[in-house]
Amino acid sequence: MEGLTKIYNGEVLAVDNISFEVYEGEIFGFLGPNGAGKTTTINMLNTLIKPTKGYAELYGYVLGKEDDKIRRIIGLVPQELTADDELTGYENIMLQASLYGVDKTTAKKRAEDLLNMVDLYDAANRLVKTYSGGMRRRLELVMGLIHYPKILFLDEPTLGLDVQTRAKIWEYIRNLRKEYGITIFMTTHYMEEADQLCDRIGIIDKGKIIALGTPRELKNMLKGDIILAEVNNLNNFDTKELPKIISEIKDVKVVDGKLAITTERGENTLPKIINILTEKGVNVTSVELLKPSLEQVFLYLTGRKIREEEALDSIKMRAIMRRRRRM
C-alpha cells in the first residue's frame, strides 16, 4: 500500500495516507480502537469500497484495475456473522463454495478437511441457529477458506467471545498458516491477541499508522517500565520537572487522568517518585507498576486505552441499522 486514503462524503477522513507492506505467509495484525480505520482499510483491500486515493497491490494485482482477480485470491471473515441461520453449517459452506466457483467434488473434500480442522465435523448437519457464538465463528472461518485463498482477511475474529473460545480460535489461526501457508491480515483491539498471534503489528489511530513492527520491537519503544499514579493537589508543581529530579525517569504523560511515568527499573524508582511528589505536596491516592506490553505502548502513543465495549457497541449499532433497512 502506498498513500491509501479513504474520505467519506467528502469530509470524514477514515484512512489517512497509509503506506506499508504485508509479507507473504505472515500473520499481520492491525491494532487499534473502534473507528481507527481498521475495517475501512480491509474493505478497501478486499474491493468492497473504493479508495479515495492511493495505490495497493495484492500478489501483483493492482487494486481498482484488477479487482476480479483480487477477489479470487482473497477470503474474508467479517466482524458480523454472515452464515444463514436457516441452513445447516454444511449447506452454508457449499453455498459459499458455489459463489466462488468451486466444483462440488472439490468443495466436499475441502469442507470435510476444514470442518475437521475447526472441530465442527459432527455439527455440520445442524442448523446454524443452534450454534453457539464460538461455533459460528469457526464456521465463518471455514466459509472464508473454502476456495483456498492466498490471503485471508479476519476482521476482529474473536470479538465478544469468552477467553477459552478465543484461545481456541487463536489455535485454528496458527494452524491455517502452518497447514496452508496462507497470508493472514487481521484486525483486533485485543492487545494479548495481537501479541500472541501476529508476526508484525501496525498500530492505527484516527486513520494513521502510528507504529509498525514486531511485538518485541513495539514494546522496546517504551525503554522501561510505566508507573501509573493517581494524584490530586498538584498545586503549582510541574510534573515535567520529575525527569530533572530523578534521572531514571524518561517521560511523563497524563493518561486517563493519571500520571504515566516511563522509567528504568520501576521497582527502584517508584519509592523515589512517591517521596518527591509527597515533598511537593502532591497527594498520591494510588499507584501501579506496569511492565512493557502492547497496551502500555498504545497508552504511551495515544494517551488512552482501547475498550472492548466500544467495538461491541459498534457491531450492535450496525446490526440495528441493517434490520431497519430491511423493514
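Any read-out appearing in this document is the output of simple, stated calculations on the displayed coordinates, not a laboratory observation. Just so we're clear, the structure is a prediction, and the values are computed from it rather than from any experiment. As a convention, Cβ positions derive from the backbone with ideal geometry for all residues, glycine included, and neighbour counts pool all protein chains shown.
Quick notes on this one:
- Dipole of the chain, positive direction: furthest Cα of Ile27, Leu127, Phe153, with charges on the beta-carbon: Leu127
- Per the Debye calculation on the stretch 32-117 with a single equal scatterer at every Cα and no solvent contribution, log₁₀ I(q)/I(0) for q = 0.10, 0.13, 0.15, 0.21 Å⁻¹ amounts to -0.35, -0.58, -0.74, -1.08.
- For Thr187, nonlocal amide neighbours, meaning residues 5 or more places apart or on other chains whose placed amide H falls under 5 Å from its own, are Phe30, Leu154, Asp155, Glu156.
- Residue-wise HN-Hα couplings along the stretch 118-133, as the Karplus relation 6.51 cos²θ - 1.76 cosθ + 1.60 with θ = phi - 60° gives them from phi, are 9, 6, 10, 4, 6, 9, 4, 9, 8, 5, 4, 5, 8, 7, 7, x Hz; Gly and Pro carry x.
- Range of Cα positions in the stretch 225-291 per principal axis (Å), largest first: 28, 24, 17
- Dipole magnitude of the chain about its Cα centre (Cβ charges: Lys, Arg +1; Asp, Glu -1), debye to nearest 20: 660 debye
- Zero-based 10 Å bins, Cα pair distances in the chain, whole percents: 5, 23, 28, 22, 13, 7, 3, 0
- Segment Val254-Ile49, extension gain: residue separation times 0.36 nm, minus the distance between their alpha carbons: 70.0 nm
- Taking 0.36 nm per residue of separation and subtracting the current Cα-Cα distance, fully stretching the chain between Phe237 and Tyr121 would add 35.3 nm.
- Highest to lowest packing among 147-158, 70-81, 97-108, scored as the average C-beta count within 10 Å: 147-158, 70-81, 97-108
- Taken along the Cα-to-beta-carbon direction at a fixed 7 Å, the label points for Glu21 and Trp170 span 2.9 nm.
- An ellipsoid equivalent to the stretch 70-160, defined through the eigenvalues of its Cα gyration tensor, has semi-axes of 18, 16, 11 Å when rounded to whole angstrom and sorted largest first.
- GNM result for the chain, Cα springs below 10 Å: residue of Ile226, Ile249, Ile274 fluctuating most strongly: Ile274
- Residues with amide H under 5 Å from that of Ala211, placed H, sequence gap 5 or more: Ile203
- Close amide-amide hydrogen proximity is noted between Thr52 and Thr5, Lys6, Ile7, each under 5 Å apart and 5 or more residues distant or on a separate chain (H modeled in the peptide plane; Pro and chain starts excluded).
- Scalar couplings 3J(HN,Hα) for the stretch 138-152, obtained by applying the Karplus form with A = 6.51, B = -1.76, C = 1.60 to θ = phi - 60°, are 5, 5, 4, 4, 4, 4, x, 10, 4, 9, 6, x, 7, 10, 10 Hz; x denotes Gly and Pro.
- Each residue of the stretch 184-200 was assigned a 3J(HN,Hα) from its phi angle through the Karplus expression (A = 6.51, B = -1.76, C = 1.60, θ = phi - 60°), giving 10, 10, 10, 10, 7, 10, 8, 4, 4, 4, 5, 5, 6, 9, 8, 6, 9 Hz with x at Gly and Pro.
- Label-to-label distance for Asp67 and Thr130 is 4.0 nm, based on points extended 7 Å past Cα in the beta-carbon direction.
- Here the dipole of the stretch 225-291 is about 100 debye; that uses its Cα centre as origin and unit charges on the Cβ of Lys and Arg (positive) and Asp and Glu (negative).
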